[in-house]
Amino acid sequence: MTTTAWVLTRRRFADTALAALAPVCACALALGGLAVWTVTGNAGTPARIGVTDARLFLPSQGAPETAAFFTITNTGGARDRLVGVTSSEVAKGIALSSHRMTTAGAAYRWPTHSLPIPADGTLDMSPFTSDVTVPATARWKGGDLVPFTLHFERSGRVEALAVVVRPGTE
């Protein structure tokens with residue numbers, strides 16, 4: 001049995017170079033595309049959440065619940081979602097709601113699991129858009145500050161103090 005040594009021939013070299021060319025070109029193209037995407041500012045930045053204009057409606061006599069509203073600003077390049085709200089002054093029952101209209105023109109609350117905050121955008125809660133439904137407590141008075149913790153999908157927790165206001169005077 002005779003063995004022959006492996007010899008690099010022009011044909012073997014061409015086949016090897018051709019086989020390596022496709023993955024190298026794909027990597028170079030992907031890296032170039034990502035570099036251009038980043039340099040032009042399109043790669044984005046993480047969500048940067050700020051909460052302002054926090055207010056809680058003074059509950060009406062005998063009403064089981066009231067509503068809290070926040071203006072949530074995202075100055076980052078990535079979207080985020082408000083996924084929950086808690087308060088040290090409310091044991092349980094705080095829920096997110098969006099407002100819907102019936103065909104007859106009446107508004108009603110629709111429970112929701114999250115509210116989107118767009119990149120470089122604002123979620124401006126109001127009685128006409130969305131709110132945080134809060135079980136009413138008799139001890140709140142106009143001007144009181146109620147602490148809330150807003151929980152975001154990507155940004156974690158953000159603390160806010162909501163001022164208690166009479167509906168219609170906000």
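Residue by residue, what Karplus-based ³J(HN,Hα) values in Hz, rounded to whole numbers, does the range 112-120 have, using 6.51, -1.76 and 1.60 with θ = phi - 60° and x for Gly and Pro?
Per-residue couplings from phi come out as 9, 7, 7, 10, x, 10, x, 4, 6 Hz.
Relative to the longest principal axis of the chain, what angle (0 to 90°, nearest 10) does the C-alpha long axis of helix 10-39 take?
Once rounded, one gets 20 degrees.
5 Å is the cut-off here: which amide hydrogens, built 1.01 Å from N in the peptide plane, fall below it relative to Ser155, excluding neighbours closer than 5 in sequence?
Arg81
Rounded, prolate or oblate: which one fits the range 54-114, using the alpha carbon gyration tensor with axes a ≥ b ≥ c (rounded when a/c is under 1.5, else prolate when a/b beats b/c, else oblate)? List each step's numbers first, then the result.
On the way: a/c = 2.01, a/b = 1.18, b/c = 1.70.
It is oblate, given that a/c is not under 1.5 and a/b is not larger than b/c.
Relative contact order of the chain, please, whole-number percent, based on alpha carbon pairs below 8 angstrom and at least 6 residues apart. Numbers along the way, then the final one.
Working: 316 pairs, mean separation 43.1, N = 170.
It comes to 25 percent, rounded to a whole number.
Could I get the Rg over Rh figure for the chain? Both from C-alpha atoms, Rh via Kirkwood, rounded to two places.
Details: Rg = 28.4 Å, Rh = 20.0 Å.
That ratio is 1.42, to two decimals.
Return the calculated 222 nm mean residue ellipticity for the chain, to the nearest 500 deg cm²/dmol, obtained by summing -39500 (n - 2.57) across DSSP H runs with n ≥ 4 and dividing by the residue count. Please report the intermediate quantities before stating the final value.
On the way: 1 runs with 30 residues, N = 170.
Result for the chain, helices only: -6500 deg cm²/dmol.
So what J values fall out for the range 91-101 if you push phi through Karplus, 6.51 cos²θ - 1.76 cosθ + 1.60 with θ = phi - 60°, rounded to Hz, Gly and Pro as x?
For the range 91-101, the Karplus-derived couplings read 5, 6, x, 6, 9, 8, 9, 10, 9, 10, 10 Hz, x marking Gly and Pro.
What does the charge count around Pro135 come to, taking other residues whose C-beta lies under 13 Å from its C-beta (Lys +1, Arg +1, Asp -1, Glu -1)? If you can, show how the numbers build up before the last one.
Numbers: positive: Lys92, Arg139; negative: Glu65, Glu89.
Local net charge: 0.
I need the peptides 120-127, 96-103, 49-56 ranked by packing, meaning the mean over residues of other C-beta atoms within 10 angstrom, with the highest value on top. Mind showing how you got there, number by number?
Values: 120-127: 16.0, 96-103: 12.8, 49-56: 18.5.
Packing order, densest peptide first, comes out as 49-56, 120-127, 96-103.
Hey, can you find the accessible area per residue of the range 11-170 for me, probe 1.4 Å, expressed in square angstrom?
Working: 9710 Å² over 160 residues.
Ligands and nucleic acids excluded, the figure is 61 Å² per residue.
On the protein heavy atoms, probe 1.4 angstrom, tell me the percent of accessible surface of the chain carried by carbon and sulfur. All intermediate terms of the calculation are to be shown ahead of the outcome.
On the way: 6770 of 11030 Å².
About 61 percent, which is the carbon plus sulfur part of the accessible surface.
Sum up the charges of everything whose Cβ sits under 12 Å from the Cβ of Thr73, counting Lys and Arg as +1 and Asp and Glu as -1, but leave Thr73 out.
Numbers: positive: Arg48; negative: Asp53, Asp80, Asp120, Asp124.
It works out to a net charge of -3.
The values are calculated or read from the model by the stated rules, or taken from the named source; none is laboratory data. These figures come from a predicted structure and were not determined experimentally. No Cβ is skipped: glycine too gets one built from the backbone with ideal geometry, and neighbour counts run over all protein chains shown. What goes into the accessible areas is simple: the full protein's heavy atoms, side chains included, and nothing from ligands, DNA or RNA. Shrake-Rupley method; radii C 1.70, N 1.55, O 1.52, S 1.80 Å.
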